[in-house]
Amino acid sequence: MNQDGRTRLNQMPEWTALAKHREELGAVQLRELFAADPGRGAGYTLQVGDLHIDYSKQLVTDETLRLLRELAAATDVFGLRDAMFRGEKINTTEDRAVLHTALRAARDAVVEVDGENVVPGVHAVLDRMAGFAERVRTGAWTGHTGKRIKNVVNIGIGGSDLGPAMAYEVLRSYTDRDLTVRFVSNVDGADLHEATRDLDAAETLFVIASKTFTTIETITNATSARNWLLTELKAGQDAVAKHFVALSTNAEKVGDFGIDTANMFEFWDWVGGRYSYDSAIGLSLMIAIGPDRFREMLDGFRLVDEHFRTAPAESNVPLLLGLLGIWYGNFHDAQSHAVLPYSHYLSKFTAYLQQLDMESNGKYVGRDGQEVDWQTGPVVWGTPGTNGQHAYYQLIHQGTKLIPADFIGFAEPVAEMSAELKAQHDLLMANFFAQTQALAFGKTPDEVRAEGVPEELVAHKTFQGNHPTTTILARELTPSVLGQLVALYEHKVFVQGAVWNIDSFDQWGVELGKVLAKRVEPALTEGADVPGLDASTQALVAKYRELRGR
Ligand code: F6P
């Protein structure tokens, strides 16, 4: 029994049934599954919005899927989902509602937190953001010296950086190409240095993105940015108002920093940092792509929210993707999950998903406060194809680890390219399809022999196949499709956290490092004695000081 009275996950009959089923399936081969069911290729597919989802190359049968859905029912995934959408405080360790879905709710929707409808507030901020973004885009908003803003530098970290930075890359072809938009996150001064070294301060707007407005990296960089601006402009504090805006939940700290709260765009404690880029945290993105495109992206999010909220279990895509992850992590001992987009524009997508997934589900303590004794969140990794094919795919094909992967691709190349570059798209996508085929079906020793390969090389050239993949295919990479993709992964992560009985919305695991960094800093700068510093770290600090000549 869990301390909350629930049966332990791995003692549930539905779990045991899956373990038994896994044993019975043994080393089932995708080749066999396809041979037994000629309709599998077209049948094991689902559609959500513009996303075509093909899961035929997964190591599952109808029975596997049925048993996984039974596990989802037994763990009441849909019950928790409904509680989330209703605004209940399902983030129990922080006593907060989890309402990123309200950020993209229709204007006339009603979503209540503590008896208050939060939707009007969401749209009021979106409208203010739109007004501001338009003023910057049209040149109506000028800097302190009257010059038009040409550069936007977003300063934030984690959820206040990864989302907007990723989406800016994804939607680059929709951006105003006359604007330079950069994202600074690292407290390594090199990041801000490189982002500002060639900019005219008079034409630069800093967008300080921090939910708490206490994050040391962001406040340090924002302070340096303010000093840079005032030095470059040879101006006083009054210049700040035209060059700094804040995105935050913490008006008091924003004011303390010296940013006029009239230039603050608000969001709320029921939005987790890693679920926030469709809130005010998306302002830099909105300036880049314009309010209309931003709203199209929100429409895409909403479409998948509605699907997740209403689609039956059999056709619910986030449920399916979440359960497939559980199948591999908990019943095949897979340790990681690769996300491999075949789009250069999605180059930061997997890095974004790393925070979304790993900060959400990297937990060993359950919602009831007890340690879990089953695997939780996987290591999420990957880079765009085809680059990865020439780097690490070797290990996926012929290594000793099972690495389930999502392949994401688009039928159309981005419209703005030349005809010659667009023509390269078929080659890109030929690789996309070839890889999932090779991963699934491999090449048998007999097939290798038939090519005349000498016997001593047959084993080396054999591909065992049976590596599971999901293919996600859409016609075009639009703002709406981006919203759909992100919402899909958000809800997939939700499903897994619900089954594992963990709180996917807190992040206590990042706190210790922050506290220790504050304690260690004086040891580096002043050689101060840090009580309780362990022997290894003490020696390293001494070495560092020696290397710096201190
Ligand atoms: O360190 C982790 C974290 O708390 C993330 O959850 C969050 O996205 C990030 O820091 C940044 O926090 P903030 O937006 O408050 O600056």
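Coordinate-derived values only; no laboratory data. Remember, it's a predicted structure, so these values are computed and weren't measured experimentally. With ideal geometry, Cβ positions are generated from the backbone for all residues, glycine too; neighbour counts draw on all protein chains shown.
Efficiency by 1/(1 + (r/R0)^6): what FRET value for E194 and Y544, r their Cβ-Cβ distance, R0 = 22 Å, to the nearest 0.05?
That gives a FRET efficiency of 0.40.
Can you give the net charge of the other residues whose Cβ lies under 10 Å from the Cβ of Y168, counting K and R as +1 and D and E as -1?
+2
What are the radius of gyration and Dmax of the range 261-360, computed over its Cα atoms and given in Å?
In Å, with Rg to one decimal and Dmax whole: 16.6, 54.
Ratio of Rg to Rh for the chain, alpha carbon only, Kirkwood?
0.99
Considering amide H positions built from the backbone, and no H for Pro or chain starts, which residues 5 or more places from V181, or on another chain, come under 5 Å of its amide H?
Placed amide hydrogens put V152 under 5 Å from V181.
So how far apart, in nm, are the two label points at R31 and D114 if each is 7 Å from Cα heading toward Cβ?
Once both label points are built, they end up 6.2 nm from each other.
In whole angstrom, how far apart do the alpha carbon centroids of the range 511-534 and the range 1-38 sit?
If you average the Cα positions of each part, the centres end up 47 Å apart.
Return an integer: the convex hull volume of the alpha-carbon atoms of the range 5-94, in Å³ per residue.
Looking at the range 5-94, the number lands at 141 Å³ per residue.
Using only Cα atoms, find the angle between the long axis of helix 77-86 and the longest principal axis of the chain, and express it within 0 to 90 degrees, rounded to the nearest 10.
20
What is the packing order of peptides 126-135, 37-46, taking the mean over residues of other C-beta atoms within 10 Å and listing the highest first?
Taking the mean over residues of other Cβ atoms within 10 Å, the ranking is 126-135, 37-46.
Report the net charge of residues surrounding N117, where surrounding means a beta-carbon distance below 12 angstrom and charges are Lys +1, Arg +1, Asp -1, Glu -1.
-3
On a 0 to 90 degree scale, rounded to 10, what angle separates helix 216-233 from the longest Cα axis of the chain?
Taking the Cα atoms of the chain, the angle to 216-233 is about 40 degrees.
Less than 13 Å apart at the alpha-carbon level, and either on another chain or at least 8 residues along: which aspartates and glutamates does that give for K20?
Hits, sequence-local ones excluded: E63.
Based on the alpha carbons, how large is the Rg to Rh ratio for the range 243-294 when Rh follows Kirkwood?
0.99
Using alpha carbons only, how many degrees (0 to 90, rounded to 10) separate the axis of helix 425-441 from the longest principal axis of the chain?
Between the helix axis and the principal axis of the chain, the angle is about 50 degrees.
If we count every other residue with Cβ under 15 angstrom of L402's Cβ, Lys/Arg +1 and Asp/Glu -1, where does the sum land?
With Lys, Arg at +1 and Asp, Glu at -1, the neighbours total +1.
For an R0 of 25 angstrom, estimate the FRET efficiency from the Cβ-Cβ distance between Q11 and K89 and round to the nearest 0.05.
0.35
When the Debye formula is applied to the Cα atoms of the range 171-296, each taken as the same point scatterer, what base-10 log of I(q)/I(0) results at q = 0.15, 0.18 Å⁻¹?
For the range 171-296 at q = 0.15, 0.18 Å⁻¹, log10 I(q)/I(0) is -0.72, -1.06.
How big is D for the range 168-230, in µm² s⁻¹ as a whole number, if Stokes-Einstein is applied with the Kirkwood radius of its Cα pairs at 4 °C and 1.567 mPa s?
Answer from the Stokes-Einstein relation: 101 µm²/s.
State the three equivalent ellipsoid semi-axes of the range 104-260, derived from the C-alpha gyration tensor as the square roots of 5 times its eigenvalues, in descending order and whole Å.
27, 18, 17
By per-residue mean of other Cβ atoms within 10 Å, what is the highest-first order of 202-215, 108-121, 234-247, 381-394?
Per-residue Cβ counts within 10 Å, averaged per peptide and sorted highest first, yield 202-215, 234-247, 381-394, 108-121.
Can you give me the C-alpha center-to-center distance between the range 88-112 and the range 127-165, rounded to a whole angstrom?
Using only Cα atoms, the two centres lie 27 Å from each other.
Please compute the modelled spin-label separation between A419 and D178, points set 7 Å along Cα→Cβ, answer in nm with one decimal.
3.0
Calculate, for F433 and Q464, the FRET efficiency according to 1/(1 + (r/R0)^6) with r their C-beta to C-beta distance and R0 22 Å; round to the nearest 0.05.
My answer for the efficiency is 0.65.
Straight distance only, please: which aspartates and glutamates reach the Cα of K234 with their own Cα at less than 16 Å, same-chain residues fewer than 8 apart left out?
Cα-Cα hits under 16 Å: D200, E203.
Holding the Cα-Cα limit at 27 Å, pick out from K211/K242; K253/K348; K253/K518; K89/K363 the pairs that are longer than that.
Cα-Cα > 27 Å for K253/K348; rest within.
Mind giving me the nanometre distance, one decimal, between the label points for T138 and K234, set 7 Å out from Cα along Cα→Cβ?
Modelled inter-label distance: 3.4 nm.
Compare the peptides 319-329, 219-229 by average per-residue count of other Cβ atoms within 10 angstrom and give them in order, highest first.
So the peptides 319-329, 219-229, ranked by packing, come out 319-329, 219-229.
Students often get this wrong: which residues of the range 305-343 have the backbone nitrogen under 13 Å from the point 7 angstrom along Cα-to-C-beta of Q375?
Inside the label zone: 324-338.
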